[in-house]
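**Student:** Dropping a structure here in structure tokens format, bear with me for questions.
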Amino acid sequence: MSLSAPTPPTILVDADACPVKDEIYRVAERHGAHVRVVSNSPFRVPMSERVRRVVVSDSFDAADDWIAENADARSVVVTADILLAERCLKAGARVLKHDGREFDAASIGSAIATRAIMEDLRAGMDGVGGGPPPFSKADRSKFLQALDRVLVRMARG
């Protein structure tokens, strides 16, 4: 009786506005993970059997729909989109923001509520608003650590 190795995890990247694609490729290579870079327009990806570009139609939410439909318990989804994160969590995937924060069942509800409140506030300000803080080196470092930690946990089962 032989035990087969588990299927390598797949990192599904919501590629539009993702500032950590290069970091994802490096960590994925180290862990033997597959990467799917999903977007409405082509992105350059490394020449690798493990990395694939997935270009979807330019219809609204086409990239999100593809990611959610392909997310499962062997997936890590990288996105800042809270509603996509919720869909992927329901499919059993692990979900990381670009700054390394992990969405989980305990945090997604409050993230959705905060998103709705912020949307209402922005609507009342007639387009005046700041947006998210600039992406920093510390955010990049936290993301690298978080992705590595998630892939190590997945490898251990």
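Values in this text are rule-based calculations from the coordinates and carry no lab data. A quick note: this is a predicted structure, and the numbers were derived from the prediction, not measured. Ideal geometry is used to build each Cβ from the backbone, glycine not excepted, and the neighbour counts take in all protein chains shown.
**Student:** Amide H of Val51: which non-local residues (sequence gap of 5 or more, or other chain) have their own amide H closer than 5 Å, using H built in the peptide plane?
**Tutor:** Correct list: Val35.
**Student:** Let me ask something additional. In sequence order, what are the phi-derived ³J(HN,Hα) couplings for the range 138-154 according to the Karplus relation 6.51 cos²θ - 1.76 cosθ + 1.60 with θ = phi - 60°, rounded to whole Hz, with x for glycine and proline?
**Tutor:** Ordered by residue, 3J(HN,Hα) equals 5, 4, 4, 5, 5, 4, 4, 5, 5, 5, 4, 4, 5, 5, 5, 4, 5 Hz.
**Student:** Also: With point charges of +1 on the Cβ of Lys and Arg and -1 on the Cβ of Asp and Glu, referenced to the Cα centre of the range 1-105, which listed residue (Leu83, Pro42, Thr7) lies farthest in the positive direction of the dipole?
**Tutor:** Sorting the options by dipole projection puts first Thr7.
**Student:** While we're on this one: Under a cut-off of 18 Å between alpha-carbon atoms, report the lysines in cross-link reach of Lys137, not counting same-chain residues fewer than 8 places apart.
**Tutor:** Here the lysines satisfying the reach criterion relative to Lys137 are Lys21, Lys97.
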